[in-house]
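Just so you know, all these numbers are worked out from the coordinates, no wet-lab data involved. What you see is a predicted model; the values in this text were computed from it and never measured. Neighbour counts are summed over all protein chains in view; Cβ atoms, including those assigned to glycine, are modelled from backbone coordinates with ideal geometry.
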Amino acid sequence: MSDEEAAEQPEAGAGTGSDDSAKQAPEDGEKAKPDAAAPEPEGPSAKDTASDATNARKLHQDARAMENAIASLLGVRGGVGNVFVANTIGLVDAGLPRTTGFHHGSVPTGPIPAEALRAAAVTFVEPANYRELRDRLRDQRLVLLRAPSGWGRTATALNLLGLECAQGVDKLSPDTDLRSPAAPVDLEADRGYLLETLEFDQAASLREFSLDQWRRRLTEAGARMLVLLGADAPLRERELTAYVVDGAQRSDDRTLVLSHFQAGLVAAGRPRQDLVDFPEFTELVEEVVGRTLRAGDLADFGRGLCAVVLGEAGVDDVRLRYARGAESAFREWFDSLPDNEYRAFAVALAVLDGMPLATVAEAGTMLARAIQEAEVPDLRDRTRSVFAVRTANLVERMEAEITLAVDDSDLGTLAAEVARYLDPHRPRKVLEHVWREYTEAHGVVRDWLRDLGSSPDRHVRIRAGVAVGLLSLSEFDHARRHVIEPWAEENDYWERQAVIGALRLPALQPELQPLINRMIDQWLKGSAATGRRVAAVAAMGVLPIMTTAQVLKRLRRAADTDEPRMIIAVADSVTNLSLEPDRLDPVLGALLSWSRSKKADLRNTALNCVLQLVVYLQVSEDGSTDPWPGLLWVADLDRRTRHPARGVVVGTRRTTRREAVVSLVARVLEAPYFMGEAYRVVHQWVKTAERDPAQREPLGALLADVARATGGPATLRLYLTEWARARRGPTEAASALLAALDREEVPA
Amino acid sequence: MDLGTRNRAILVVDIEKSSERTDPRKAALRAALYGVLGGALRTMPPHRVDDLGDGVLAVFDSDVLPVLDPLVGDLVQALWRHNATVDPPEWMRLRLGVHFGLVARDPHGWVGDALTTAFRIVNGAGVKAVLRAAPRAQSIVVLSDAVHQTVVRPGYAALQPETYRDLLDDGRRMWIRVPGYATPPVATGAPAAEPVRVEAPPAKSISIKARGNVFTADTIGTVDARVGLGPAS
């Protein structure tokens, strides 16, 4: 959590590479950074950014900081740890940015991972009218499930569709229009389709005729579809009776708690035990299941009890959150805070929970000052004392603690004293409480968060973004107009991170997803690299609210540019997409297509993306001393397979991942503008192969194929020979690779 | 439960490829099978379950409709839930055969030609081939022609006749459904209107494992299938 200003990923405010046309004037909206006296230095070109592997680490740290921020506000203590998984594509020098908690229980648009379906099945508790739902889905293939939020609609839908559709389940884009039976959805046999939300106006104007047409399409395709509706969805009741099934009132909350409790035990390798085996839980369980909680909260309660059994939490921690008196105790605590200093610190700690005390204190002071200014407009009346509050008192009064945490900064890992609430769920409670109960404070807190969104500290600006996202759940449009869009308009990497942070939590809410999609489409209008357009491009790479095809279609339009800022954003989005295993094929297909476009700018951006993937991606392979270049590994997997899948689609043609990688690497090696950087990357690969003999043979085979695609190995031979001759050059690897080129009989 | 000869519903459940597994894995699968059966059978009419080693025979003192709906549906649901806890290569995949007819119980076990039919339909080479051809399936439901004609074709309950297709396996007509698939993924390429014909394996033999013993014969007679199953519990 160090100040990363100096080492932060720079903006490409002007192209300094050979692409002179890309140069642009400093942005009008450029502002002085809070702690930067000098103007921001000119950034490198898009190509320099793509070919600099240290930027991969920053991309990873961004993702990690984002996940930690989300985890902190959702009460997941410990945040997201480093997860190093062999045989999975990650970013150079970074491990794996995506973790199991990536979607935080929500379902990404597009194919739903098998693990998500399995997780839903393991803990699923049937509602009373489950059989009716199942029979209706079997019989008519299309069902509109109507139930209140928190009922467990998504879990029920995943379970039903997973059970009835052997080929898997896709979540439809939230802007799918059911009123149009010709909506472009490719229905596949034995596949289930989930539309997680139906907007009010769409629900109100939905006709039976449209649903009949959908049903016919589904029957012809052999597919099934479930549409989830809120209890208050304004439907034409009588007309749609055949399709609507109301979720029966949930009657067995105890079973739901037990199900998640037992699933947690089994996952931890413990025997399946009943809750009655733990008398210390009895009273709390009785109390909690007696309340009308959301299914998600009951599940969380079950997992919390499981954590107690596993020794990861105390029963008091669980009681603190779920017991009936918890809410009133919390209110009493907040209301008893003596003054604005304390309340400001409480809010700052809620936003920055788990961050260094100094950072929290500074942010708290900023907020306290803002509150004071709001209450006492005359600045001469300020009476605040610098030594008014001692840290120990503050922390104790906050029901917080100071603890040590390890963080990986740009310079390496370091331990820091951090402040955090004892109750991991308190950050969210504090923010929601302030927002709900103190409307007068809205403006002050909003402005304060907006300022934090420009902080030079990556963690602070992302935390601020996520906090705005949390507050926006109740009034998204307000947050969009007053904070999110102003951030986007800054057209700066820092605020862009705050924007993405602010969109992450709303993007997990089905009812907000169509709005966000529409907002992104609005932002994408035009052709200049405006702040909104660049932010939209950056957001598309990480928000799970569009299908890959939808994202790539929009990225293609954005990629037809010569503005470095936009090229970098497109490359980062493409890189983030390629880290998702099921998105790599479409990404490779898109890059193959773009890099053959008649539009020079689009070709240029595509090759820039290829260069970035070649530099940024890596895989830890069992039996290798060094990580493999990601695309080499992808290509080699196909080589090891007898009949590799032809999953990469380019127009009407299908190709294997290996063929795609060979073509793309060949194109970037042949492109005059990228040739130098591309050969430098190959040089790196050869040096890696010098250290790790296991990579020599695969690399030799890949280079032989690339040489064939480029029309001959002469240049490669030349470089390999030259690299080998250098002092401490990769002689053994180069010899092996030259031999491989000979063996593959590449014509000279 | 009256043990006299009477019309009863029969369910045979068999674990796919059980013989290829190690003993500890077989034991785990058996435990899982009984876990899957336990909940689903709880609400069924009076019945008796006999162990077959890598499967079970359940005979119900009722007509066949409740076996098809809800029992088979509940079993498929419970199986889905069990398999969600393991990786696909470790899935337990079941063949569920349903028939009905006159059966009686003597001190050694069940007796009746209907049992032979139930065992034959669930162990047919064609049925096994269909399940093999459906790697994403977790079960296959096999009905005798009699069950199909009597209960499914007329459309009782939520049985959806269109999800079944007929299969000619060693000259015997049966009806199959693969849960999760709109139509069973038969591998023969036969048009949907034609029943899929599957030739009998060259040397017909039937193995029945019961209480740890394996009985192998080239045929199942009218009364020999349950011999050795031990006393009634």
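Could you tell me whether segment A:469-563 comes out rounded, prolate or oblate from its Cα gyration tensor? Rule is a ≥ b ≥ c as square roots of the eigenvalues, rounded for a/c under 1.5, then prolate if a/b exceeds b/c, otherwise oblate.
oblate
Could you order the peptides A:441-448, B:31-38 from most to least packed, using the average number of other C-beta atoms within 10 Å per residue? Mind dumping the intermediate values first?
Numbers: A:441-448: 18.5, B:31-38: 17.0.
Descending mean neighbour count gives A:441-448, B:31-38.
Within 9 Å, Cβ to Cβ, of A:GLU690, how many net charges do the neighbouring residues add up to if Lys/Arg are +1 and Asp/Glu are -1?
+1
Label 7 Å along Cα→Cβ of A:ALA694; segment A:595-621 residues with amide nitrogen under 20 Å?
Counting only backbone N, you get A:617-621.
May I ask you to list the trypsin sites (Lys or Arg not before Pro) in segment A:643-719 that are in a DSSP loop and have at most 15 other Cβ atoms within 10 Å of their Cβ? Intermediate values should be presented prior to the final figure.
Details: sites: A:ARG646, A:ARG653, A:ARG654, A:ARG657, A:ARG658, A:ARG667, A:ARG680, A:LYS687, A:ARG691, A:ARG696, A:ARG708, A:ARG717; in loops: A:ARG646.
Answer in residue order: A:ARG646.
What is the calculated FRET efficiency for A:THR403 to A:HIS478, with r their C-beta to C-beta distance and R₀ = 35 Å, to the nearest 0.05?
Taking R0 as 35 Å, the efficiency between A:THR403 and A:HIS478 is 0.50.
Ranked by Cβ crowding within 10 angstrom, fewest neighbours first, how are A:ASP212, A:ASP335 ordered?
Numbers: A:ASP212 15, A:ASP335 10.
Result, fewest neighbours first: A:ASP335, A:ASP212.
What is the gain in length, in nm to one decimal, between A:ARG236 and A:ARG131 on full extension, counting 0.36 nm per residue of separation less the C-alpha to C-alpha distance?
35.3 nm
Would you please put A:625-632, A:217-224 in order of how densely packed they are, using the mean number of other Cβ atoms within 10 angstrom per residue and starting with the highest?
For the peptides A:625-632, A:217-224, the packing ranking is A:625-632, A:217-224.
Take A:SER205 and A:THR219, extend 7 Å from each Cα along the Cα→Cβ direction, and tell me the distance between the two endpoints in nm.
That separation, rounded to one decimal, is 2.7 nm.
Within 10 Å, count the other beta carbons around each residue, average over each peptide in A:537-544, A:478-485, A:325-332, and list them highest first. Don't skip to the answer; put the middle values down first.
Details: A:537-544: 23.9, A:478-485: 19.6, A:325-332: 12.8.
Descending packing order for the listed peptides: A:537-544, A:478-485, A:325-332.
Which order results if A:ARG146, B:ARG42, B:ARG132 are arranged by neighbouring Cβ count within 10 Å, fewest first?
In increasing order of surrounding Cβ atoms, one gets B:ARG42, B:ARG132, A:ARG146.
Tell me the mean residue ellipticity at 222 nm calculated for chain A from its helices only (DSSP H runs of n ≥ 4, each -39500 (n - 2.57), averaged over every residue, nearest 500).
So the calculated ellipticity at 222 nm is -16500 deg cm²/dmol.
Can you tell me how chain A classifies by the Cα gyration tensor, rounded, prolate or oblate, using a/c under 1.5 as the rounded cut?
oblate
Just checking the output field for B:176-183: average partner chain Cβ neighbours within 10 Å of each residue's Cβ?
Taking the mean over all residues of the peptide, I get 5.
Give the average, rounded to an integer, of partner chain Cβ atoms located within 10 angstrom of each Cβ in A:171-181.
Across A:171-181, the average partner-chain Cβ count within 10 Å equals 0.
Can you give the net charge of the other residues whose Cβ lies under 12 Å from the Cβ of A:ASP477, counting K and R as +1 and D and E as -1?
Cβ neighbours under 12 Å give a net charge of +1.
Would you mind ranking B:TYR156, A:TYR679 by Cβ crowding within 10 Å, fewest neighbours first?
Taking fewest neighbouring Cβ atoms as first place, the list is B:TYR156, A:TYR679.
Please average, across the residues of B:74-84, the number of beta carbons from any other chain that are within 10 Å of each residue's own beta carbon, and give a whole number.
5
Near A:LEU588, within a Cβ-to-Cβ distance under 11 Å, what is the net charge of the other residues, with Lys and Arg +1 and Asp and Glu -1?
Once positives and negatives cancel, what remains is +1.
Which Cα, out of B:LEU131, B:SER144, B:ILE121, lies furthest along the positive dipole direction of segment B:117-191 (beta carbon charges, K/R +1, D/E -1)?
So the residue we want is B:LEU131.
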